[in-house]
Amino acid sequence: QVQLVESGGGLVQAGGSLRLSCVASGSIFSVNAMGWYRQAPGKQRELVATITRYGSTNYGDSTKGRFTISRVNFKNTVYLQMNSLQPEDTAVYYCNLNSIDNDFWGQGTQVTVSS
């Protein structure tokens, strides 16, 4: 069993920054990638950013250039630095761990950006 614990969400004004963290624990084997997804009310869950075990990154179109994902493999930890936040970034942000045979999700952390 794998547990993902997110932290770092909160309320910030437009133009501000937040840093999310996600720590994975448990029976972790053959991790392909970790990443972040988000879901706003009434919308589908969408890709924010992912990073492979080798450091290759992929970003959603709306977050490129503003968000940066990083990872510390031996700590099974992934970070998301979010800059220039806008009200449309308001959502619940979920940590994801993709292994060779399964996907695991955290409980989510709320990010609210006020205008």
Problem set entry | Single match in Thr109, Thr52, Thr57 (criterion: of a type in the set (Ser, Thr, Tyr), under 15 Å from Val5 (Cβ atoms) and either touching a Pro at 6+ places or on another chain (Cβ under 6 Å) or surrounded by 12 or more Cβ atoms within 10 Å (Cβ to Cβ) (or both)) | Thr109
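To keep it simple, each residue is scored yes or no on (1) touching a helix residue (DSSP H, G or I) at 6+ places or on another chain (Cβ under 6 Å); (2) at pLDDT 95 or above; (3) polar (S, T, N, Q); (4) farther than 24 Å from Ser115 by Cβ.
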| residue | (1), (2), (3), (4) |
| --- | --- |
| Cys22 | no, yes, no, yes |
| Val31 | no, no, no, yes |
| Tyr54 | no, no, no, yes |
| Val72 | no, no, no, yes |
| Val78 | no, yes, no, yes |
| Ser84 | no, yes, yes, no |
| Pro87 | no, yes, no, no |
| Asn98 | no, no, yes, yes |
| Asn102 | no, no, yes, yes |
For this session: Scan region 56-68 for residues that are in a strand (DSSP E or B) and either modelled with pLDDT under 95 or hydrophobic (A, V, I, L, M, F, W, C) (or both) and jot them down.
Result: Phe67
Problem set entry | Search result, residues across region 44-85 that are of a type in the set (D, E, K, R) and either touching a Cys at 6+ places or on another chain (Cβ under 9 Å) or in contact (Cβ under 8 Å) with a residue 12 or more places away in the chain (or both) | Arg45, Glu46, Arg53, Arg66, Arg71, Lys75
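The values are calculated or read from the model by the stated rules, or taken from the named source; none is laboratory data. Please read these numbers as outputs of a predicted model, since none were measured by experiment. Cβ: placed from backbone, ideal geometry, glycine included. Neighbour counts: every protein chain shown.
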